[in-house]
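What follows is a single structure, written as structure tokens, with notes after it.
The values are calculated or read from the model by the stated rules, or taken from the named source; none is laboratory data. Fair warning: this is a prediction, and the values are worked out from it, not measured in the lab. Cβ sites come from the backbone with ideal geometry, for glycine too, and all protein chains shown count toward neighbours. Just the protein is used for accessible areas: all its heavy atoms, side chains included, with ligands, DNA and RNA removed. Shrake-Rupley method; radii C 1.70, N 1.55, O 1.52, S 1.80 Å.
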Amino acid sequence: MSLLILSPTRETDTWLQALQEEDPKIPIFVYPENIDNESVEFVLAWNHPYGSLKNYPNLKCISSMGAGVDYLLKDPELPEQVLLTRIVDPELSKTMFEFILAMVMNHLRGLTHFKQSQANQKWEPAAYQRIEDIRIGIMGLGVIGSYVAKRLIGMGFRVNGWAQSPKPNCKATVYSGSNELETFLNSTEILICLLPSTPSTHGLLNKETLAMLPKGASLINVARGDILVERDLIDLLDNEQLSLASLDVFQQEPLPNNHPFWKHKKIDITPHVASLTNPKTVAPQIVENYWRMKKGQELMHSVSRKKGY
Ligand code: GLV
């Protein structure tokens with residue numbers, strides 16, 4: 001019985017090495033090597049080819065290689081009885097906070113503007129904002145969102161949060177549900193999206209909701225591309241309702257060559273690198289779940305198919 005690493009888009013050698021070092025007793029294979037499909041009980045997946053998971057008749061658990069599981073749940077042929085788990089790792093929250101801090105400071109200090117001035121060889125000083133001037137709003141207060149809120153508050157930022165349901169333990173002022181969304185957005189100058197991609201968040205950032213932000217607000221999307229209506233963002237930047245967007249995720253990845261985002265002056269693009277799972281730090285939880293699965297015990301970080309995270 002074995003564990004299969006199934007990701008055509010990620011580099012898999014470091015995963016294999018980290019898992020083998022953590023537990024040399026687990027037989028591990030890497031897709032697409034030729035194996036006995038019946039032996040596979042546990043799959044570690046990222047961007048698997050849709051339909052491929054039904055080829056393993058004895059599959060009991062699929063672990064996402066990252067925090068998100070949206071790509072798994074979108075597979076129309078996802079085997080029904082199989083348990084789903086995801087990665088929860090303090091390292092993932094910490095590196096996400098560090099990336100967001102860099103983006104927020106870019107927005108405050110106008111670094112995108114200066115980069116463009118440099119390209120035009122223009123000396124163009126501009127006013128800047130300080131940490132205490134700005135109101136940050138975080139959408140999505142799960143493990144990562146709550147951690148980012150706590151760290152930003154610790155640095156002196158004023159932080160509000162919004163989630164589908166109340167979060168009594170979150171350090172930020174929390175707004176919840178659709179009836180508090182407008183109040184939350186009205187008082188957000190930098191909006192950080194950390195929501196999971198689910199049917200209820202799909203297209204949630206659109207011309208109506210984004211126009212609820214104060215004029216000149218900016219957006220940082222480090223969650224999933226399908227939460228944002230891309231055309232609406234361009235319109236709001238062009239009519240100066242919004243001033244800047246830092247986007248790490250897109251409806252289609254890699255971002256197609258002819259996409260209007262590439263050349264937009266008010267959009268900063270990074271290629272889905274805000275926070276990447278470190279195979280070394282997560283190997284222990286995957287190995288632990290493998291053995292729990294073998295013993296029929298409850299798994300860590302299990303995913304609700306109904307909630308979508
Ligand atoms: C990255 O996008 C993740 O879900 O971990």
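Taking the stretch 192-204 as the range and being buried (at least 23 other Cβ atoms within 10 Å of the Cβ) and of a type in the set (A, V, I, L, M) as the test, the residues that pass are Ile192, Leu194, Leu195. Residues in the stretch 17-51 that are surrounded by fewer than 17 Cβ atoms within 10 Å (Cβ to Cβ) and in a helix (DSSP H, G or I): Gln17, Gln20, Glu21, Asn37, Glu38, Ser39.
Test Asn55 against the criterion of being away from the ligand (no atom under 15 Å from the Cβ) and not basic (Lys, Arg), and give yes or no. Yes, satisfied. For the stretch 177-187, indicate whether the set of residues that are open to solvent by 10 Å² or more (accessible area, probe 1.4 Å) and in contact with an Asp or Glu (Cβ under 9 Å, 6 or more places away or on another chain) is non-empty. Checked against the condition, which is being open to solvent by 10 Å² or more (accessible area, probe 1.4 Å) and in contact with an Asp or Glu (Cβ under 9 Å, 6 or more places away or on another chain), the stretch 177-187 yields no hits at all. Contact annotation: no residue pair with Cβ atoms under 7 Å, 6 or more positions apart or on different chains, pairs a residue in the stretch 57-68 that is modelled with pLDDT under 95 with a partner that is away from the ligand (no atom under 14 Å from the Cβ). Residues in the stretch 1-16 that are in contact with a helix residue (DSSP H, G or I) (Cβ under 8 Å, 6 or more places away or on another chain) and assigned to a helix (DSSP H, G or I) were compared, and the one that is most open to solvent (accessible area, probe 1.4 Å) is Thr14.
Taking helices (runs of 4 or more DSSP H) as the structural unit, those lying wholly within the stretch 190-309 and holding at least 2 residues that are within 16 Å of the ligand (Cβ to nearest atom) correspond to 279-295.
Do we find that Arg292 is farther than 22 Å from Arg10 by Cβ and in contact with a helix residue (DSSP H, G or I) (Cβ under 7 Å, 6 or more places away or on another chain) in this structure? No: the conditions fail for Arg292.
Conditions tested, residue by residue: (1) surrounded by fewer than 18 Cβ atoms within 10 Å (Cβ to Cβ); (2) in the same structural domain as Glu182 (by TED's automatic domain parsing).
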residue	(1), (2)
Leu210	no, yes
Phe250	no, yes
Pro256	yes, yes
Thr281	yes, no
Trp291	yes, no
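Regarding the stretch 124-131, can at least one residue be identified that is under 22 Å from Thr277 (Cβ atoms) and either assigned by TED's automatic domain parsing to the domain that holds Thr201 or out of contact with any Cys (no Cβ under 6 Å at 6 or more places or on another chain) (or both)? For the stretch 124-131, residues under 22 Å from Thr277 (Cβ atoms) and either assigned by TED's automatic domain parsing to the domain that holds Thr201 or out of contact with any Cys (no Cβ under 6 Å at 6 or more places or on another chain) (or both): absent.
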